[in-house]
1. Name every residue in the range 11-36 that is hydrophobic (A, V, I, L, M, F, W, C) and within 14 Å of the chain's Cα centre (by Cα), in order of residue number.
2. List every residue pair whose Cβ atoms lie under 8 Å apart, where the two residues are 6 or more positions apart in sequence or sit on different chains, the first residue falls within the range 58-73 and is within 14 Å of L135 (Cβ to Cβ) and open to solvent by less than 20 Å² (accessible area, probe 1.4 Å), and the second residue, located anywhere, is at pLDDT 90 or above and part of a helix (DSSP H, G or I).
3. Scanning the range 39-69 for residues that are modelled with pLDDT of 90 or more and hydroxyl-bearing (S, T, Y), which turns out farthest from V80 (Cα to Cα)?
4. Search the range 89-118 for residues that are touching a residue at least 12 places away in the same chain (Cβ under 8 Å) and pair each with any residue that is in a helix (DSSP H, G or I) and β-branched (V, I, T) when their beta-carbon atoms are under 6 Å apart and the residues are at least 6 apart or on different chains.
5. Please work out if S129 is polar (S, T, N, Q), open to solvent by less than 50 Å² (accessible area, probe 1.4 Å) and not in a loop (DSSP other than H, G, I, E, B).
6. Considering only the range 37-72, state which residues are farther than 25 Å from E124 by Cα and among the aliphatic types (A, V, I, L, M).
7. Only one of (1) over 21 Å from S121 (Cβ atoms); (2) in contact with a Leu (Cβ under 9 Å, 6 or more places away or on another chain) is not met by E86, so which one is it?
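The values are calculated or read from the model by the stated rules, or taken from the named source; none is laboratory data. Values in this document were obtained by computation on a predicted structure and should not be read as measured data. Positions of Cβ are backbone-derived with ideal geometry, glycine not excepted, and every protein chain shown enters the neighbour counts. Areas reflect the complete protein model, heavy atoms only, side chains present, ligands, DNA and RNA absent. Shrake-Rupley method; radii C 1.70, N 1.55, O 1.52, S 1.80 Å.
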Amino acid sequence: LMKKPKKIGFGIDIKSSSIMNANNLGTYDEVKKGDIRYLPFKNESVKSVYSNMIDDVKKEDLKKVFTEIHRVLKNKRCVVFTTPLENYKKYLYFYNKSKEFKKKGYMKNAKLFMKYDRGRSDWESRPLSFWKTFLKNNSFKIVDYAYYADKNMVELWDVGFRPFFQHLISIKE
């Protein structure tokens, strides 16, 4: 029998619908509307930061994001984040299939498969060497890292039911 875990202190999201979903899950003590580039917390007010959306952060905003994380963290605390590494895009099924269709001139299929991609290929993948240098230059150090999504996992995630959901709804309507 598993014991219910403690709630996470705070969550932030830029989308109101995601905030409502997070509140409904009951995972957080509080969920605030906010932008990771401008964290809604006082200086040195949090013990740790976790982000599963660094992949959405474009290169020009990365320094601002990590400056904010550094600002809100209490001394000697940590940040944990997930991000796609350099092989990510070559494992995406819909993105790569769309590129194949485009090369062959099948523009309708290329467009449909990019719709199924749902913006995943827009995420900026960066090699581990980038992260080591970037974090060092911004007052952080990598204590540990783990690859958690190999080729098979990324492909399974990419071609699961979710990409087809909007299309199935439109067919029904």
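1. Taking the range 11-36 and keeping what is hydrophobic (A, V, I, L, M, F, W, C), we get 12, 14, 19-20, 22, 25, 31, 36.
Hits for the range 11-36 are I12, I14, I36.
2. These pairs meet every condition: L62/F134; F66/F134; F66/L135.
3. Step by step, filter the range 39-69, then rank; the result is S45.
4. Y91/V154; Y93/V159
5. Working: polar (S, T, N, Q): yes; open to solvent by less than 50 Å² (accessible area, probe 1.4 Å): no; not in a loop (DSSP other than H, G, I, E, B): yes.
No: the conditions fail for S129.
6. V46
7. E86 satisfies every listed condition except (1).
Okay, residues lined up against (1) at pLDDT 90 or above; (2) of a type in the set (G, A, S); (3) touching a helix residue (DSSP H, G or I) at 6+ places or on another chain (Cβ under 7 Å); (4) closer than 30 Å to F66 by Cα:
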residue	(1), (2), (3), (4)
K99	yes, no, no, no
K102	yes, no, yes, no
D122	no, no, no, yes
R126	no, no, no, yes
K136	yes, no, no, yes
D150	no, no, no, yes
V159	no, no, yes, no
R162	no, no, no, no
L168	no, no, no, no
